[in-house]
Amino acid sequence: MACTFEKDEKDFTFIWILENFEYCDQKTWERLKSPTFIVDTIERTKWSLLIYPRGQESNKWISLFLRREEDSKGPESIEVDYELALLASDDSVLKSLCIRKHAYPKNHGFGFPEFVERESVFAKRLTFLPRRTLTIRCRMFKSTGEIKRNGKCIARTRIGIEEKKFLWKIQNFNAFHPGRKLTFKLKSTSDDKPIMSLKLSLRKIGGSSEIFIKFVPSNKNILFATFKSSLVDAKGNYVDCGQHEFWISPTTESEEYSLTLSKDTVMKNKCLYLPNNVLVLYCEQIFSSGIVFEGIESTSYGCPSSFINSNVVPENIETTCVKKPDSDTSDLKADLNSMLQHNVLCDVKLKTKSETFSAHWFILTARSPVFRAMFQSNMKEKAKDRIDIVDLEPDTVRRLLLYLYTDTLEELHWEAASDLYVAAEKYQILTLKNKCSFFLKANLSLINACGILLLADLHQDKELKSAVQNFILKNDKSIINSSEWKLFMETNVHLAAETMLLRFKE
């Protein structure tokens, strides 16, 4: 039902931050429970939220409930009003439903089996799942009487994942026939132990040669996995080959699925799909090991609604139950990142074409001389407290901010590294530029060499340019005969000639 609670009505707000929500391993009928929380302003009653990531009754829905705990204090039954909502990265409400005057005995849960369609959430990942995180808000009110002071509690649950992105090159694919198998082994980055083997094979089905991949797990700590693949064609474009998700139990020996692209389709378009008789698959596999952290991060009482709604921090806040989310993480980095993620005291916005990010002038000016110059001048950006960045993608700005606040780089692929390199150059963040350059040099391939060479030349990066040119000369036959090089020569004739002339220099 539509929510009609007064904006300034005092309440208790519980925020549940679910990191890597997409990789929850719960099946239909299986629930994920939030950390429990005690509401001092409602008879010190004890509560939790329950979410069914794949629905309580149907995997079409995400189900959401408020539950009173069995060991709760207070009367045997208590009547409350409450609102359950999903929040965007700027704390605006994306979806909300309300319950009025519901009586809660102890050990009782009530809510919405059909809170939001699962497909609609994942179709708008950037909106509902920024940084792969689902944020749930529960506002609670007394049905009779009123709460004397606002309260707020923030809890976090982190699903542990390991992501692997790789190119799988199948040589002499036209000779690949049913009965043959090709194996690709994945190891964990943290301990170098095997995680899973991928076995590619062909199978005749209805006269068509279908491409199958069998997944053979090696690590029994993995509970759930997703796999997405794309064919990389001769022009460097990605052709979707489908995605698959599967559960792993101690008795799971293997899991198999077929690509949406058959060998017959590949061979019919071999000039585009099979350059040099090599099938190139770009694969993304993510492994989930379940919950690796959960707990209450902070609790506060006596804050006015302006603090709850706009992050204005009043004096004399009573705060209890503060718990670090990760003891191995630098306190400063974690605290700065928390301020960024939760929009605490942000005073400037970075606006891209499709998304806006909140940030702090102090951090931007401390890390970038370009932002510092903007702040110190009377530029129009300062007057509006907004900086328009229409030439960078939202993902690039998000990665840039993460680095500025925490000196951390998320796992990169070469396109993201290239975009981040450009952003680092634009804002003169030399340490980030150097890290991106190092990544690009370490991940040169026949597919991306031309693009990285052009990037290095445009930004006059002699070291990166030299590394790419040396790579091209070492792999000259494969690169010069590729469609990427032919296109590169047509549009960058001087740079192509300069590179080829290096072969004749001593």
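Size estimate for the stretch 60-218 follows the Kirkwood approach: the inverse of mean 1/r over distinct Cα pairs works out to 20.9 Å. Short-range pairs are left out: with C-alpha atoms under 8 Å and at least six residues apart, the relative contact order of the stretch 1-119 is 25 percent. Overall, the anisotropy analysis places the chain in the oblate class: the square-rooted eigenvalues a ≥ b ≥ c of its C-alpha gyration tensor yield a/c not less than 1.5, with a/b not exceeding b/c.
For the stretch 441-468 and the stretch 106-156, what is the centre-to-centre distance using only Cα atoms, to the nearest Å? Cα centres, the stretch 441-468 to the stretch 106-156: 47 Å. Panel values: the stretch 449-503, Kirkwood radius from alpha carbon pairs, Stokes-Einstein at 20 °C and 1.002 mPa s, translational diffusion coefficient 195 µm²/s.
Annotation note: GluC sites (Glu not before Pro) in the stretch 74-142 located in DSSP loop regions with a Cβ neighbour count of at most 12 within 10 Å are GLU76. Sequence-distant contacts, meaning Cα pairs under 8 Å at least 6 residues apart, place the relative contact order of the chain at 12 percent.
The loop-placed trypsin sites (Lys or Arg not before Pro) in the stretch 35-135, going by DSSP, that have at most 13 neighbouring Cβ atoms within 10 Å of their Cβ come out as ARG44, LYS60, LYS73, LYS124. Here the chain has 50 percent of its accessible surface on carbon and sulfur atoms, given a 1.4 Å probe and all protein chains in place. Inter-part distance, the stretch 198-242 to the stretch 257-297, computed on C-alpha centroids, equals 5 Å.
Across the cross-link table entries LYS228/LYS263; LYS193/LYS214; LYS101/LYS148; LYS169/LYS199; LYS199/LYS268, which are compared at the Cα atoms, the separations over 21 Å belong to LYS199/LYS268. Counting only DSSP beta bridges whose two residues both lie in the chain, roughly 90 percent are antiparallel. Put simply, the stretch 1-140 fits an ellipsoid with semi-axes of 25, 17, 13 Å; these come from the alpha carbon gyration tensor as the roots of five times its eigenvalues, largest first.
Which part of the stretch 20-37 falls in the paramagnetic zone of ASP71, meaning amide N under 14 Å from the point 7 Å along Cα-to-beta-carbon? Only 36-37 pass the distance filter. Residues in the stretch 202-209 carry Karplus couplings, in order, of 10, 8, 6, 9, x, x, 10, 8 Hz; the curve used is 6.51 cos²θ - 1.76 cosθ + 1.60 with θ = phi - 60°, and Gly or Pro positions show x. For LYS351, the lysines whose Cα falls under 28 Å of its own Cα, not counting residues fewer than eight places away in the same chain, are LYS7, LYS95, LYS124, LYS333, LYS380, LYS382, LYS384, LYS426, LYS433, LYS435.
Approximating the spin labels as points 7 Å out from Cα along Cα→Cβ, the GLN243-to-LEU487 distance works out to 2.4 nm. In the chain, helical runs assigned H by DSSP with n ≥ 4 each contribute -39500 (n - 2.57); averaged across all residues and rounded to the nearest 500, the mean residue ellipticity at 222 nm is -7500 deg cm²/dmol. Rounded to the nearest whole Hz, the Karplus-based 3J(HN,Hα) values (6.51 cos²θ - 1.76 cosθ + 1.60, θ = phi - 60°) of the stretch 120-125 follow the sequence 5, 5, 7, 6, 10, 4, with x at glycine and proline.
Sites listed here are GluC sites (Glu not before Pro) in the stretch 169-267 whose DSSP assignment is loop and whose Cβ has at most 14 other Cβ atoms within 10 Å: GLU253.
The values are calculated or read from the model by the stated rules, or taken from the named source; none is laboratory data. The structure presented is a predicted model; accordingly, all values stated were derived computationally and were not measured. Here the Cβ is made from the backbone with ideal geometry for all residues, glycine too, and neighbour counts use every protein chain on show. Heavy atoms of the whole protein, side chains included, go into the accessibility calculation; ligands, DNA and RNA do not. Shrake-Rupley method; radii C 1.70, N 1.55, O 1.52, S 1.80 Å.
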